[in-house]
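In what follows, a structure is listed as structure tokens, so that the remarks can point back to it.
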Amino acid sequence: PPVDSQNLATDNVSVIEGETATISCRVKNNDDSVIQLLNPNRQTIYFRDVRPLKDSRFQLVNFTDNELWVSLSNVSLSDEGRYVCQLYTDPPQEAYADITVLVPPGSPVIESREDVVSEGNETELTCIAMGSKPAASIRWMKGEEELTGETTAEEMYDRMFTVTSRVRFSVTKEDDGVPVDCIIDHPAAKDLLAQRHLEVLYKPEVKIVVTYPEGLTREGDNLDLTCIAEGKPRPHQIKWLRVDEDVPLHTVVTGSELYIENLNKSYNGTYRCVASNAVGEAYDDYVLYVYDPRAGEGTPPKIDHAVIGGVVAVVMFAILCALIVLGRYFARHKGTYFTHEAKGADDAADADTAIINAEGGHNNSDEKKEYYI
């Protein structure tokens with residue numbers, strides 16, 4: 001029987017269906033023995049540089065005493081198997097090259113349970129990759145977010161597979177128009193994907209804009225409000241109302257606009273714009289407060305009460321400190337006042353005379369005098 005020799009070498013080959021495989025038989029030390037290549041049925045493909053097999057897809061690439069290189073073009077699934085490099089020695093030496101044929105899947109297809117879905121509801125998408133070998137892997141992306149799907153692989157024939165993946169998720173209005181990709185990973189395919197853009201219906205978004213006036217709403221002014229409503233589908237109805245009260249009689253409503261002339265305080269209240277579509281309805285409120293005709297005119301600039309409070313506190317503290325210092329000063333000189341008064345009090349008719357007597361009794365004296373006020 002032939003032996004699996006370390007003197008003879010070859011390599012396994014993976015090739016995509018329809019492309020070309022190259023098989024090599026390499027001898028390290030050859031003593032003029034013949035090299036041949038056999039197919040999986042052990043039919044001789046090449047004997048040295050001669051091809052006995054009548055299959056022109058096999059072509060000689062290179063032949064020497066130590067090498068035999070053979071190409072097989074337009075590979076099909078039937079070519080898959082174990083090829084034999086054989087060296088005619090006694091006993092013959094053999095090495096084995098497995099050819100694996102890869103079959104890329106067909107273009108993937110995304111199917112959806114429904115064409116459009118309303119916000120808050122769940123949708124389901126299915127991606128199918130047919131006829132691959134080996135089985136393909138499927139990944140899901142929603143925009144920049146990766147989703148987790150449930151994948152099954154079904155074997156068909158000749159180890160060919162059809163792979164199906166399902167993904168479920170709830171949608172929001174932000175998902176409208178977002179692409180969902182079914183990405184195929186397979187050794188025989190690159191950049192293979194299918195894409196579906198989500199179509200999401202959502203209830204209106206409503207905003208009231210004051211067209212007029214720009215500032216305060218005063219008595220005698222006019223009021224012009226515009227209701228901006230966007231949704232999918234486009235809102236089919238926009239209506240105005242005043243919460244808990246009737247709209248003033250001479251209010252003019254034209255579609256999305258509400259107009260009131262000659263405002264007075266009886267019109268105060270909350271005005272609401274309600275927009276509806278097939279998904280639902282939503283509203284926005286505007287609170288009207290009518291000011292006196294001259295309200296806001298000549299208003300002094302706003303005062304920062306916190307700053308004023310801080311300044312007052314600093315001033316009060318300074319005054320308090322001054323009072324303490326003065327109090328201590330007067331307290332220190334109070335005793336001297338009474339002492340001088342006491343010196344001349346015996347003969348004095350009043351306090352001033354007492355002070356003069358205490359200083360020496362001379363009204364016109366050049367001596368230094370102290371006065372206390």
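Somewhere in segment 127-139, is a residue under 21 Å from the mean Cα position of the chain (by Cα) and either more than 30 Å from V101 (Cα to Cα) or modelled with pLDDT of 95 or more (or both)?
yes
Looking only at residues that are open to solvent by 60 Å² or more (accessible area, probe 1.4 Å) and farther than 15 Å from A95 by Cβ in segment 27-49, which one is nearest to the chain's Cα centre (by Cα)?
N41
Taking segment 67-122 as the search range and keeping residues that are among the β-branched types (V, I, T) and within 24 Å of E19 (Cα to Cα), which one is nearest to the chain's Cα centre (by Cα)?
Ranking the qualifying residues of segment 67-122, first place goes to V103.
For segment 224-233, name all the residues that are surrounded by 15 or more Cβ atoms within 10 Å (Cβ to Cβ) and not polar (S, T, N, Q).
Going through segment 224-233, the residues surrounded by 15 or more Cβ atoms within 10 Å (Cβ to Cβ) turn out to be 224-229, 231-232.
Answer for segment 224-233, where residues must be surrounded by 15 or more Cβ atoms within 10 Å (Cβ to Cβ) and not polar (S, T, N, Q): D224, L225, C227, I228, A229, G231, K232.
Do we have any residue at all in segment 296-311 that's modelled with pLDDT of 85 or more and in contact with a strand residue (DSSP E or B) (Cβ under 9 Å, 6 or more places away or on another chain)?
No, because not a single residue in segment 296-311 is modelled with pLDDT of 85 or more and in contact with a strand residue (DSSP E or B) (Cβ under 9 Å, 6 or more places away or on another chain).
Which one of the conditions (1) more than 30 Å from D292 (Cα to Cα); (2) surrounded by fewer than 19 Cβ atoms within 10 Å (Cβ to Cβ); (3) among the aromatic types (F, W, Y) does Y212 fail to meet, given that it meets all the rest?
Only one criterion is unmet by Y212, namely (1).
Restricting attention to segment 156-172, and to residues there that are of a type outside the set (A, V, I, L, M) and farther than 17 Å from E80 by Cα, which single residue is nearest to the chain's Cα centre (by Cα)?
T172
Say whether the condition of being in contact with a Lys or Arg (Cβ under 6 Å, 6 or more places away or on another chain) and either assigned to a loop (DSSP other than H, G, I, E, B) or touching a residue at least 24 places away in the same chain (Cβ under 8 Å) (or both) is met by at least one residue in segment 135-148.
no
Here are some residues: T126, T89. Which one is part of a strand (DSSP E or B) and either open to solvent by 10 Å² or more (accessible area, probe 1.4 Å) or within 15 Å of A194 (Cβ to Cβ) (or both)?
Testing whether each residue is part of a strand (DSSP E or B) and either open to solvent by 10 Å² or more (accessible area, probe 1.4 Å) or within 15 Å of A194 (Cβ to Cβ) (or both) leaves just T126.
Of the residues R234, R218, R242, only one is in contact with a Pro (Cβ under 6 Å, 6 or more places away or on another chain), touching a residue at least 12 places away in the same chain (Cβ under 8 Å) and among the charged types (D, E, K, R); which?
R218
For segment 235-279, which positions are within 19 Å of V209 (Cα to Cα) and in contact with a Gly (Cβ under 6 Å, 6 or more places away or on another chain)?
R242
If you take the residues in segment 50-71 that are of a type in the set (A, V, I, L, M) and in contact (Cβ under 8 Å) with a residue 12 or more places away in the chain, which one is most open to solvent (accessible area, probe 1.4 Å)?
It comes out as V61.
Please go through segment 249-277 and pick out each residue that is of a type outside the set (F, W, Y), crowded, with 16+ Cβ neighbours inside 10 Å and outside any strand (DSSP E or B).
Hits for segment 249-277 are T251, S256, L263, N277.
E281 fails exactly one of the following numbered conditions: (1) open to solvent by less than 80 Å² (accessible area, probe 1.4 Å); (2) at pLDDT 95 or above; (3) in contact with a Lys or Arg (Cβ under 7 Å, 6 or more places away or on another chain). What is the number of that condition?
Evaluating E281 over (1) open to solvent by less than 80 Å² (accessible area, probe 1.4 Å); (2) at pLDDT 95 or above; (3) in contact with a Lys or Arg (Cβ under 7 Å, 6 or more places away or on another chain) leaves (1) as the failure.
On the given criteria, is H236 within 25 Å of D175 (Cβ to Cβ) and open to solvent by 20 Å² or more (accessible area, probe 1.4 Å)?
For H236, the condition - within 25 Å of D175 (Cβ to Cβ) and open to solvent by 20 Å² or more (accessible area, probe 1.4 Å) - is met.
Looking for something open to solvent by 60 Å² or more (accessible area, probe 1.4 Å) and outside any strand (DSSP E or B) - is there at least one such residue anywhere in segment 92-105?
Filtering segment 92-105 for residues open to solvent by 60 Å² or more (accessible area, probe 1.4 Å) gives 96.
From what's left, outside any strand (DSSP E or B): none.
No.
Can you name the number of the only condition in (1) touching a Leu at 6+ places or on another chain (Cβ under 8 Å); (2) part of a strand (DSSP E or B) that G177 fails?
Only one criterion is unmet by G177, namely (2).
If you scan segment 1-19, which residues turn out to be within 17 Å of T100 (Cα to Cα) and surrounded by 14 or more Cβ atoms within 10 Å (Cβ to Cβ)?
Scanning segment 1-19 gives T10, V13, V15, I16, E17.
Answer yes or no as to whether E257 is of a type outside the set (S, T, Y), closer than 13 Å to N222 by Cβ and under 38 Å from the mean Cα position of the chain (by Cα).
When the stated conditions are applied, E257 passes them.
Provide a single number: the residues in segment 72-86 that are open to solvent by less than 10 Å² (accessible area, probe 1.4 Å) and either free of Cβ contacts under 8 Å to residues at least 12 places away in the same chain or assigned to a strand (DSSP E or B) (or both).
Of the residues in that region, 4 qualify.
What's the total number of residues in segment 148-181 that are polar (S, T, N, Q), farther than 15 Å from T123 by Cα and surrounded by fewer than 18 Cβ atoms within 10 Å (Cβ to Cβ)?
2
The values are calculated or read from the model by the stated rules, or taken from the named source; none is laboratory data. Just so we're clear, the structure is a prediction, and the values are computed from it rather than from any experiment. Ideal geometry is used to build each Cβ from the backbone, glycine not excepted, and the neighbour counts take in all protein chains shown. To get the accessible areas, we keep the full protein, side chains included, count just its heavy atoms, and leave off ligands, DNA and RNA. Shrake-Rupley method; radii C 1.70, N 1.55, O 1.52, S 1.80 Å.
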